[in-house]
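K.L.:
Quick one: structure below, then a few questions.
The values are calculated or read from the model by the stated rules, or taken from the named source; none is laboratory data. Computed from a predicted structure; not experimentally measured. Cβ placement follows ideal geometry from the backbone for every residue including glycine, while neighbour counts extend to all protein chains displayed.
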Amino acid sequence: METILVTGGAGFIGSHVCVELVEAGFRVVAIDNFVNSTPQALKRVETITGERIHWMEVDMMDETALDQVFHNHSIDAVIHLAGLKAVGESVVDPLRYYLHNLTPLLHLCECMQKHHVHRLVFSSSATVYGPPQQVPIPETHPIHTANPYGRTKHMAEQMLEDFQRAYFPMKIIILRYFNPIGAHPSGLIGENPADVPMNIMPYMTEVAIGKRPVLHIFGDDYPTRDGTCIRDFVHITDLAKGHVKGIEATNQIKSSARIYNLGTGKGTTVKELLRTFEQVNETKIPTWTTVRRPGDVAVSYADISKAIEELDWNPTKEIEDMCRDAWKWQRLNPAGYVKK
Ligand SMILES: NC(=O)c1ccc[n+]([C@@H]2O[C@H](COP(=O)([O-])OP(=O)(O)OC[C@H]3O[C@@H](n4cnc5c(N)ncnc54)[C@H](O)[C@@H]3O)[C@@H](O)[C@H]2O)c1
């Protein structure tokens, strides 16, 4: 049985990745400093899977503590998800983002080299593409990062490519996520924003539960079928399964750093998402249409043919599933992971 270290394991994506890894037969070691999460998420992973997760509080800014994890566990491969992800915050406090998104990765690469762990899956973002010059967006699309968060992701990708070129045994898979939403169908784990949600789905569920009065629609005058932005929403469990495929692929590929989009390859408008949410959950979401948000692009969706072909990954869940599962998580956990 292989042991996978998941950094940021208590986060939205990390907790779902832990579930899928256990269900695919891996042993999981998860670390997190809980700056944007809680250990409860990992306890819920144990409830879902019925297996023990080896998890510990580790801040990856502390290289000695990270080294100790590699020393204490026989790690076969790593999925690196730990980091800060709020675009707006990264504009206001860019140095914090450069420090906290790049230093942990440097520490991780050093530890991996020292402990001869050569397989890594890294969480990047479609934000590195900037305004699309074509859709669907292939991995070869030019890079245009519009904010410090996006630049940390692109810098991290470049760091990894340089590392791989200099340290030949490394096999690195870089995953560029589009818009992960939804929750585990059990309703036990999901997205748990500490503050005002930055993304549409957690905002929508917080309106549905009565925590916020209205969902803002930022612009209905885009050149799209109903005037609202088009995005590539992908179910979080499909995205998490993509990481398992990534880990498996690192066993098969020759030494290299490879990049894959994870989305569904289909575009959905904000209004279509909203209508689906209302239909499948038999609820009504009050909305307020306002001006476009600076930096938003009209249409963005992925070309996922490379992931389908090379990783043998295929997302199976529909927008209906994403809306149903996100609402189930919110309904069962109106205040997130608080102790009742
Ligand atoms: N959610 C998205 O829409 C999305 C899209 C593209 C890329 N990503 C990237 O995927 C990764 C995971 O995203 P998420 O949505 O699960 O975010 P999240 O905030 O829920 O999870 C990140 C986790 O990392 C932990 N963490 C942060 N700094 C740490 C450190 N120094 N040491 C240890 N743990 C630390 C946080 O406590 C949190 O649990 C992030 O790197 C994010 O940038 C997310």
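K.L.:
In the range 1-15, what residues are in a loop (DSSP other than H, G, I, E, B) and within 14 Å of the ligand (Cβ to nearest atom)?
P.N.:
Within the range 1-15, Gly8, Gly9, Ala10, Gly11 qualify.
K.L.:
Looking only at residues in the range 71-88 that are more than 10 Å from the ligand (Cβ to nearest atom), surrounded by fewer than 18 Cβ atoms within 10 Å (Cβ to Cβ) and in contact (Cβ under 8 Å) with a residue 40 or more places away in the chain, which one is farthest from Lys43 (Cα to Cα)?
P.N.:
Within the range 71-88, the match that is farthest from Lys43 (Cα to Cα) is Gly88.
K.L.:
Then there is this: Which of (1) outside any strand (DSSP E or B); (2) within 14 Å of the ligand (Cβ to nearest atom) is the odd one out, the single condition Glu51 does not satisfy?
P.N.:
Glu51 satisfies all of (1) outside any strand (DSSP E or B); (2) within 14 Å of the ligand (Cβ to nearest atom) except (2).
K.L.:
Identify the residue in the range 16-47 that is of a type in the set (S, T, N, Q) and more than 8 Å from the ligand (Cβ to nearest atom) and, among all such residues, is surrounded by the most Cβ atoms within 10 Å (Cβ to Cβ).
P.N.:
Looking at the filtered set, the residue picked out is Gln40.
K.L.:
Among the residues of the range 317-339, is there at least one that is modelled with pLDDT of 95 or more and small (Gly, Ala, Ser)?
P.N.:
yes
K.L.:
Would you check which residues across the range 102-120 are within 12 Å of the ligand (Cβ to nearest atom) and closer than 21 Å to Ala240 by Cβ and list them?
P.N.:
Pro104, Leu105, Leu108
K.L.:
Here's another thing I want to ask about it. Which ones in the range 89-141 are within 20 Å of Ile230 (Cα to Cα), free of Cβ contacts under 8 Å to residues at least 24 places away in the same chain and out of contact with any His (no Cβ under 8 Å at 6 or more places or on another chain)?
P.N.:
Correct list: His141 only.
K.L.:
Test Gln68 against the criterion of being closer than 16 Å to Ala194 by Cα, outside any loop (DSSP other than H, G, I, E, B) and either near the ligand (Cβ under 10 Å from one of its atoms) or not small (Gly, Ala, Ser) (or both), and give yes or no.
P.N.:
When the stated conditions are applied, Gln68 does not pass them.
K.L.:
Just one of (1) outside any loop (DSSP other than H, G, I, E, B); (2) touching a residue at least 60 places away in the same chain (Cβ under 8 Å); (3) within 13 Å of the ligand (Cβ to nearest atom) trips up Ile173, so point out which.
P.N.:
Here Ile173 clears every test but (3).
K.L.:
Here's another thing I want to ask about it. Sort out which residues of the range 45-91 are modelled with pLDDT of 95 or more, among the aliphatic types (A, V, I, L, M) and under 30 Å from Pro294 (Cβ atoms), and write them in order of number.
P.N.:
Within the range 45-91, Leu81, Ala82, Leu84 qualify.
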